[in-house]
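**Student:** Below is one structure. I have some questions about it.
The values are calculated or read from the model by the stated rules, or taken from the named source; none is laboratory data. Computed from a predicted model, the values in this text were never measured in an experiment. FYI the Cβ positions are ideal-geometry reconstructions off the backbone, even for glycines, and counts take in every protein chain you see. All accessible areas refer to the heavy atoms of the entire protein, side chains included, with ligands and DNA or RNA removed. Shrake-Rupley method; radii C 1.70, N 1.55, O 1.52, S 1.80 Å.
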Amino acid sequence: MEDIFEITTETRTLETLGEVAEQIQEVDSGMIQEWLQSLLPGLLGFALQIAMAVAVYVIGSRLIKICRKLLKKWLDKAEADLGVKQFLDALLKSFLYFVLVVIILTLFGVTAASVVAVIGSAGLALGLALQGSLSNFAGGVLILLMKPFQVGDYIKEDTHGNEGTVAEISIFYTKLLTVDRKSIVIPNGTLANSSLTNVTANSNRRLEMYFGISYDADLKLAKEVIRKQVEHDPDTLMGEEFQLFVSELAASEVKIGFRVWVKTEDFWPVKWRLTENIKLALDENQIEIPYQKIDLHMKQ
């Protein structure tokens, strides 16, 4: 009897535990369903916000492109410099994308006043951290206002010896392109606060060259030979001032120099061509060009 009682008790206990487990499962499934149902509106709202943000970004990007095109057309009609076009385009692009980001943040509950407050409170720290960038920005504005150079000019930066053709004037830097197609990026602040040489600022440029002849050579003949070569060169501007002179009586040579005007883009071709032609002409007329010699005396 005792064994039967124990078996019956254990059976009832197992049935009770099973009922409790079933109740717990029912409670857990109900709570999970309620929790998921409570999350569903929030997830749908967040997904809707993301979709709206993507749509606003796409539409805003297209509007920014349209605004940049309108600015470019207006600057083209105003015949603005290429550097001004590049600078204002970069400035407008940065400003409009900043506005677009603020609009997108407002879709997620961030108010514009909060953004402005954060920017205002962080303004001092950003100003201290971005002193160099602000200086470069101000330098870019000064370059566009004062116009020491423009896109397409060939400049020499005296501080570090960089030189090249100005390819782009951006918000914070200016890009130079060297003759061997290397790209040099110089901060606008450096260019605005240091001396530089604009080689191509004027359409014409003066070419100055010197040649040395022997003291035994015919000076008048040498000057006439040089004059003919300069006058017969197709790219020298003989309508401008031309000077031919004896510049120096040196230790071992008589230096003859000349100054002639050429177009800026023809400067180097004319210089190289005249150097070769004058050398050949002096040789044809047996006019000696002195060069360094060493005489050796052998004692027997």
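**Student:** Tell me, which residue of the stretch 203-218 that is among the acidic types (Asp, Glu) and in a loop (DSSP other than H, G, I, E, B) is surrounded by the fewest Cβ atoms within 10 Å (Cβ to Cβ)?
**Tutor:** The initial filter retains those residues of the stretch 203-218 that are among the acidic types (Asp, Glu), namely 208, 216, 218.
The next check asks that each one be in a loop (DSSP other than H, G, I, E, B); those that pass are 216, 218.
Working: 216: 9, 218: 14.
Taking the candidates together, the pick is 216.
**Student:** Moving on. Kindly check whether there is at least one residue in the stretch 196-209 that is within 21 Å of residue 264 (Cβ to Cβ) and small (Gly, Ala, Ser).
**Tutor:** In the first step, residues of the stretch 196-209 are kept if they are within 21 Å of residue 264 (Cβ to Cβ); the result is 196-209.
If we keep only those that are small (Gly, Ala, Ser) too, we end up with 201, 203.
Yes, because at least one residue in the stretch 196-209 is within 21 Å of residue 264 (Cβ to Cβ) and small (Gly, Ala, Ser).
**Student:** Is it fair to say residue 211 is within 30 Å of residue 153 (Cβ to Cβ) and in contact (Cβ under 8 Å) with a residue 24 or more places away in the chain?
**Tutor:** Working: within 30 Å of residue 153 (Cβ to Cβ): no; in contact (Cβ under 8 Å) with a residue 24 or more places away in the chain: yes.
No.
**Student:** In addition: Of all residues in the stretch 250-279 being among the aliphatic types (A, V, I, L, M) and over 45 Å from the mean Cα position of the chain (by Cα), which is modelled with the highest pLDDT? Working first, answer last.
**Tutor:** Going through the stretch 250-279, the residues among the aliphatic types (A, V, I, L, M) turn out to be 250-251, 254, 256, 260, 262, 270, 274, 278.
After this cut, where a residue has to be over 45 Å from the mean Cα position of the chain (by Cα) as well, the list is 250-251, 254.
On the way: 250: 89, 251: 86, 254: 94.
Within the stretch 250-279, the match that is modelled with the highest pLDDT is 254.
**Student:** Since residue 164 meets every condition but one in (1) of a type outside the set (Val, Ile, Thr); (2) surrounded by fewer than 19 Cβ atoms within 10 Å (Cβ to Cβ); (3) out of contact with any Asp or Glu (no Cβ under 7 Å at 6 or more places or on another chain), which condition does it not meet?
**Tutor:** Of everything listed in (1) of a type outside the set (Val, Ile, Thr); (2) surrounded by fewer than 19 Cβ atoms within 10 Å (Cβ to Cβ); (3) out of contact with any Asp or Glu (no Cβ under 7 Å at 6 or more places or on another chain), residue 164 misses just condition (2).
**Student:** Would you tally the residues in the stretch 60-85 being of a type in the set (A, V, I, L, M), over 25 Å from residue 174 (Cβ atoms) and either open to solvent by 100 Å² or more (accessible area, probe 1.4 Å) or not in a helix (DSSP H, G or I) (or both)? Show your work before the answer.
**Tutor:** Initial filter on the stretch 60-85 (of a type in the set (A, V, I, L, M)): 63-64, 66, 70-71, 75, 78, 80, 82, 84.
Checking which are over 25 Å from residue 174 (Cβ atoms) leaves us with 63, 66, 70.
With the extra rule that they be either open to solvent by 100 Å² or more (accessible area, probe 1.4 Å) or not in a helix (DSSP H, G or I) (or both), the set shrinks to 70.
Residues meeting the conditions: 1.
Condition check ((1) of a type in the set (D, E, K, R); (2) open to solvent by 20 Å² or more (accessible area, probe 1.4 Å)) across all residues:
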{"position": "197", "(1), (2)": "no, yes"}
{"position": "220", "(1), (2)": "yes, yes"}
{"position": "241", "(1), (2)": "yes, yes"}
{"position": "260", "(1), (2)": "no, no"}
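**Student:** Considering only the stretch 45-55, I want to know if a residue exists there that is among the polar types (S, T, N, Q), surrounded by fewer than 10 Cβ atoms within 10 Å (Cβ to Cβ), modelled with pLDDT under 75 and not in a loop (DSSP other than H, G, I, E, B).
**Tutor:** Initial filter on the stretch 45-55 (among the polar types (S, T, N, Q)): 49.
Going one step further and asking which of them are surrounded by fewer than 10 Cβ atoms within 10 Å (Cβ to Cβ), we end up with none.
No, that holds for no residue.
**Student:** Output the qualifying pairs, or none if there are none: Cβ atoms under 7 angstrom, residues six or more apart or on different chains, first residue in the stretch 53-74 and of a type in the set (D, E, K, R), second residue assigned to a helix (DSSP H, G or I) and surrounded by 13 or more Cβ atoms within 10 Å (Cβ to Cβ).
**Tutor:** If the second residue must be assigned to a helix (DSSP H, G or I) and surrounded by 13 or more Cβ atoms within 10 Å (Cβ to Cβ), the pairs left are 68/89; 68/92; 68/93; 72/85; 72/89.
**Student:** Tell me, which residue of the stretch 225-279 that is touching a helix residue (DSSP H, G or I) at 6+ places or on another chain (Cβ under 8 Å) and in contact (Cβ under 8 Å) with a residue 60 or more places away in the chain is farthest from residue 154 (Cα to Cα)? Reasoning before the result, please.
**Tutor:** Here is the first cut: in the stretch 225-279, the ones touching a helix residue (DSSP H, G or I) at 6+ places or on another chain (Cβ under 8 Å) are 225-226, 228-230, 233, 235-236, 238, 242, 244, 246, 254, 256, 258, 260, 262, 274, 277-278.
With the extra rule that they be in contact (Cβ under 8 Å) with a residue 60 or more places away in the chain, the set shrinks to 225, 274, 278.
On the way: 225: 33, 274: 23, 278: 28 Å.
Within the stretch 225-279, the match that is farthest from residue 154 (Cα to Cα) is 225.
**Student:** Still on this model: Collect the residues in the stretch 198-222 that are in contact with a strand residue (DSSP E or B) (Cβ under 8 Å, 6 or more places away or on another chain) and either on the phi > 0 side of the Ramachandran plot or of a type in the set (S, T, N, Q) (or both), keeping them in residue-number order. Before you say what the answer is, go through the steps one by one.
**Tutor:** First, the residues of the stretch 198-222 that are in contact with a strand residue (DSSP E or B) (Cβ under 8 Å, 6 or more places away or on another chain): 198-200, 203-215, 217, 219, 222.
Hits for the stretch 198-222 are 198, 200, 203, 204, 214.
**Student:** Now for a separate question. Taking residue 279 as meeting all but one of (1) in a helix (DSSP H, G or I); (2) of a type in the set (D, E, K, R); (3) open to solvent by 70 Å² or more (accessible area, probe 1.4 Å); (4) within 28 Å of residue 203 (Cα to Cα), write down the number of the exception.
**Tutor:** (4)
**Student:** In the stretch 142-182, which residues are modelled with pLDDT of 90 or more, over 18 Å from residue 87 (Cβ atoms) and hydroxyl-bearing (Ser, Thr, Tyr)?
**Tutor:** Within the stretch 142-182, 154, 178 meet the criteria.
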